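Values in this text are rule-based calculations from the coordinates and carry no lab data. Note that the structure is predicted; figures quoted are calculated from it, not measured. So basically every Cβ, Gly included, is an ideal-geometry build from the backbone, and we count neighbours across all protein chains shown.
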Amino acid sequence: MNREEKDGLILMFQVDHLSGEEMGWVLEAETIPGLKNRHLIPTLTKKGRPGYLLFLDVDPELEAEVIESVAESLPIFGYHRFSTKHVFKKGTSRVVALVVHAHGRTVETSLRLRSFSFHKGTERLFIEVDDLRILHRRIRKELKVSLSPLELKERIDARLKGPRRDRIEIKL
């Protein structure tokens, strides 16, 4: 497997004084600049209280901005920093035009796709999650259609199978 490496940074916060509802902000990636990924893991602390381990995968050069953003939402007194090497197989990217029809209305957008070949001749396409979130909101607002992001992704994935296309259409 051809692989590449780049510097990474994982920040870990130990939180044992907030409820799950108060930790809900973590699920909104847009609230933290430079965030690549996040994981919130429930734990049991030494005093038997429920707690959480919050791991944030961030661009190393954006650490200060991320900490500032986290500190606005969480009363943090410190954190752990893990310098890492992100090892990955580089894929290719492309953009497809997407047209969604429902109730006589149309939403047009473009979707960024990442392509990875894991085995010879086997290609997997992944829709950029940010594009999917934006499209999901637009469909709900502009087309007045309620479907889950997973249902939307499955419909798009079904249209992407087969010969390569630069434009796809979906009817809801």
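Here are the numbers for the structure shown:
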| read-out | value |
| --- | --- |
| Candidates Ser146, Ser115 - the one that is more than 26 Å from Gly34 (Cβ to Cβ) and among the polar types (S, T, N, Q) | Ser146 |
| Yes/no for Val99 being surrounded by 12 or more Cβ atoms within 10 Å (Cβ to Cβ) and in contact with a helix residue (DSSP H, G or I) (Cβ under 6 Å, 6 or more places away or on another chain) | no |
| Residue in the stretch 113-130 that is of a type in the set (Val, Ile, Thr), surrounded by 11 or more Cβ atoms within 10 Å (Cβ to Cβ) and part of a helix (DSSP H, G or I) present | yes |
